[in-house]
Amino acid sequence: TCTLGDCDVSVDLGNGVGIDFVLIDGDDLIDPSNRYTLDNAFYMMTTEVTQEMFQELMGYDSRDGQLTSYGDGDNYPAYYASWHMAAHFANTLSILEGEQECYSCSGSGTNVTCSEAMSPYDCSGYSLPTEHEWEIAARSGTTSEFWTGEGSSLGGTYSSNDCDANVMIQDGASNSPLSDYAWFCGNSSSSHEVGTKLPNGFGLYDMHGNLYEWTSDWYGCSYPTPHIWCFEGSERVKRGG
């Protein structure tokens, strides 16, 4: 039973809280611009991690000791989660499901520190998506920056790079408002409940806008590089947001 919308797999965390995933496989593993192809199918969460999910699985609020004025409620995304906290969340989900742990973590709560136990491409448990996986998930089978399901490219790019609610997705068909798909600086100054905008072609919500999302990669490699997980650099890659 899926918690929100359609899914291929849902993990029950207890107390009526679940996490939904869609499977990305087959031809969808080929970068639409033919720059790289992923070797392994993968599951992607349909939403950002919510405050309810984080609390239920981890036993604490990701915002402990921080301001909670940027959106508060069960279905709001968990924020102030460091990369280490996000990796620890993935590891804890792996333990719950009896899967391989992708990270080595020490400490607890907001002070946890984690590092990859292996390449995320080699780990069968839950992990943060690689930058290549995140891009394929966001483009949802198209070469477009924003998916609408209409026009020859099933989407398009923005009409202007402005903080304006009137920004459109230029797909050559309906030219939908970007605000139909994303919370961004043109229609918001805070976070919002997940899944309240339209999903993309894979059924994924909030890939554009709302909160930034952590990936497994470091800033330190040329992108895209086929079959490469970037494991060197000084900062982790964030996407979306």
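The values are calculated or read from the model by the stated rules, or taken from the named source; none is laboratory data. Since the structure is predicted, the reported quantities are computational estimates derived from the model, not experimental observations. Reconstructed Cβ throughout: ideal geometry from the backbone, glycine too, with neighbour counts over all protein chains shown. Note: accessible area is taken over every heavy atom of the protein model, side chains too, but ligands, DNA and RNA are not part of it. Shrake-Rupley method; radii C 1.70, N 1.55, O 1.52, S 1.80 Å.
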Taking amide H positions as placed in the peptide plane 1.01 Å from N, state which residues far from Y103 in sequence (5 or more) or on other chains have amide H under 5 Å from it.
-> A117
Contact order normalised by residue count of the chain, Cα under 8 Å, 6+ apart, percent | 17
Roughly speaking, to the nearest percent, how much of the chain's 1.4 Å accessible area is carbon and sulfur?
-> 45
Taking 0.36 nm per intervening residue step and subtracting the Cα-Cα distance, what contour gain separates S124 from C185 on full extension?
-> 18.3 nm
Pulled fully out, how much extra length does the chain show between C221 and T37, if you take 0.36 nm times their separation in residues and subtract their Cα-Cα distance?
-> 64.5 nm
What is the calculated FRET efficiency for S234 to S10, with r their C-beta to C-beta distance and R₀ = 41 Å, to the nearest 0.05?
-> 0.65
To the nearest 0.05, what FRET efficiency results for S115 and D164 with a Förster distance of 45 Å applied to their C-beta separation?
-> 0.65
Quick one: which of 95-105, 38-48, 223-233 comes out on top by average Cβ neighbours within 10 Å, and what's the full order, highest first?
-> 38-48, 95-105, 223-233
Which helices of the chain meet both criteria: a Cα extent of 20 Å or more along the helical axis and a mean Kyte-Doolittle score no lower than -0.5, with helices taken as whole DSSP H segments?
-> 83-97
Find the accessible area per residue for the chain; the probe is 1.4 Å, ligands and nucleic acids are left out, and the unit is Å².
-> 48
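In deg cm²/dmol, rounded to 500, what helix-only [θ] at 222 nm does the chain give when every DSSP H run of at least 4 residues adds -39500 (n - 2.57) and the total is split over its residues?
-4000 deg cm²/dmol
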